[in-house]
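Okay, so here's the structure we're looking at.
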Amino acid sequence: MKLCIALDLPSAEENLALLESLKDKDYLWVKVGLRSFIRDGRAFLEQIKAINPLFRVFLDLKLYDIPNTMGDSVDEIAKLGVDMITIHASSGAEAMKEVVERLKKIPNPPLVMAVTALTSFDEKSFFEIYHTGLQTQVLEFAKLAKECNINGVVCSCAESKTIKEQLGADFLTLTPAIRPFGESSGDQKRVASLEDAKEAQSDFIVVGRPIYKAQNPKVVVEQILREMQIS
């Protein structure tokens, strides 16, 4: 299980200051989301690598468009040198296959993770959009993503174990909304603890607010890493 820190602070300067305090953590995964990338762009990715070239960058843009546009977008993303990206599973098989085919043409392509159901959804709000049960549809999205040779899916810990059991341990799961030590869930509906993530066999956990809102983020990161090693 790998820790991925969400860089969701209000400015690039604050996000970079957070990373400066963690620059001794080789191979730490950092998540750059839509807000940060729109605001700070490619230069921000370069600044992250300047702090520690061994940081792993997860560009979380959740691409969702027609197949050709998604393919063209991935062509451009590949030039950024990031290590993992997200697309929406609900973009469909044709779009996911197009992404995979485009990435076959480049050396050292990023991992591709397909978003199943956002962790801000609960059963009621998910049904309002998809008119089916959340856990059932998450599994169907995961099956479709695997058929398209996507590396794995973004899901909650509530679905991760079932996905692993049905699709295999090598099909990756990334679980956001981790509240390692019982912190407030905020706007997330399907949150989980570190112990939940371990039980769910998550490959990547995303932690944001519990780290960057802490009085001493480095202490929290080190505590999480220790707990992960113990588990």
(request) Note the full-extension length gain between ASP122 and GLU140 as 0.36 nm times their separation in residues minus their Cα-Cα distance, in nm to one decimal. (result) 4.8 nm
(request) Return the inverse of the average 1/r over all pairs of distinct C-alpha atoms in the stretch 101-197, which is the Kirkwood hydrodynamic radius, in Å to one decimal. (result) 14.3 Å
(request) Starting from the amide H of LEU61, placed 1.01 Å from N in the peptide plane, find each other amide H under 5 Å away whose residue is 5 or more places distant or on another chain. (result) THR86
(request) Starting from the amide H of ARG179, placed 1.01 Å from N in the peptide plane, find each other amide H under 5 Å away whose residue is 5 or more places distant or on another chain. (result) ALA192, SER193
(request) Could you calculate the contour length gain from GLU195 to TYR27, that is, 0.36 nm times the residue separation minus the distance between their Cα atoms, to one decimal place in nm? (result) 58.3 nm
(message) Could you give each residue of the stretch 107-120 its phi-based ³J(HN,Hα) in whole Hz, using Karplus coefficients 6.51, -1.76, 1.60 with θ = phi - 60°, and x for Gly or Pro?
(response) x, 6, x, x, 5, 10, 10, 9, 6, 8, 10, 4, 6, 7
(request) First select every other residue whose beta carbon is under 10 angstrom from the beta carbon of GLN201; then total the charges, Lys and Arg +1, Asp and Glu -1. (result) 0
(request) Please tell me the relative contact order of the stretch 81-231 in percent, rounded to the nearest whole number, where contacts are Cα pairs under 8 Å and at least six residues apart. (result) 19 percent
(request) Tabulate in residue order the Karplus-calculated ³J(HN,Hα) for the stretch 23-33, using 6.51 cos²θ - 1.76 cosθ + 1.60 with θ = phi - 60°, rounded to whole Hz; enter x for Gly and Pro. (result) 5, 7, 8, 4, 6, 5, 8, 10, 9, 9, x
(request) Treat each spin label as a single point 7 Å out from the Cα along the C-beta direction, and report the LYS79 to ASN149 distance in nm. (result) 2.4 nm
(request) Let me know the shape class of the chain, please: from the alpha-carbon gyration tensor, a ≥ b ≥ c as square roots of the eigenvalues, rounded when a/c is under 1.5, otherwise prolate if a/b is greater than b/c, or oblate. (result) oblate
(message) For a quick check: with amide H placed at 1.01 Å from N, whose amide H comes under 5 Å from ASN151's, ignoring anything fewer than 5 positions away on the same chain?
(response) VAL112
(message) Going Cα to Cα from LYS218, which lysines come in below 26 Å? Please leave out same-chain ones fewer than 8 positions away.
(response) LYS2, LYS23, LYS25, LYS31, LYS49, LYS198
(message) Let me check something: with ligands and nucleic acids excluded, how do LYS143, LYS97, LYS25 order by accessible area (1.4 Å probe), largest to smallest?
(response) LYS97, LYS143, LYS25
(message) With +1 on the Cβ of every Lys and Arg and -1 on the Cβ of every Asp and Glu, and nothing else charged, how large is the dipole of the stretch 44-114 about its Cα centre, in debye rounded to the nearest 20?
(response) 240 debye
(request) Return the single residue from ALA114, ALA177, ALA78 with maximal mean-square fluctuation; model: Gaussian network over the chain, springs between Cα atoms under 10 Å. (result) ALA78
(request) Name the residue, out of ASP196, ASP40, ASP60, whose mean-square fluctuation peaks in a Gaussian network model built on the chain with Cα pairs under 10 Å. (result) ASP40
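The values are calculated or read from the model by the stated rules, or taken from the named source; none is laboratory data. The structure presented is a predicted model; accordingly, all values stated were derived computationally and were not measured. Note that each Cβ is placed from the backbone with ideal geometry, even for glycine, and that neighbours are counted across all protein chains shown. Ligands, DNA and RNA are excluded from the accessible area calculation, which covers all protein heavy atoms including side chains. Shrake-Rupley method; radii C 1.70, N 1.55, O 1.52, S 1.80 Å.
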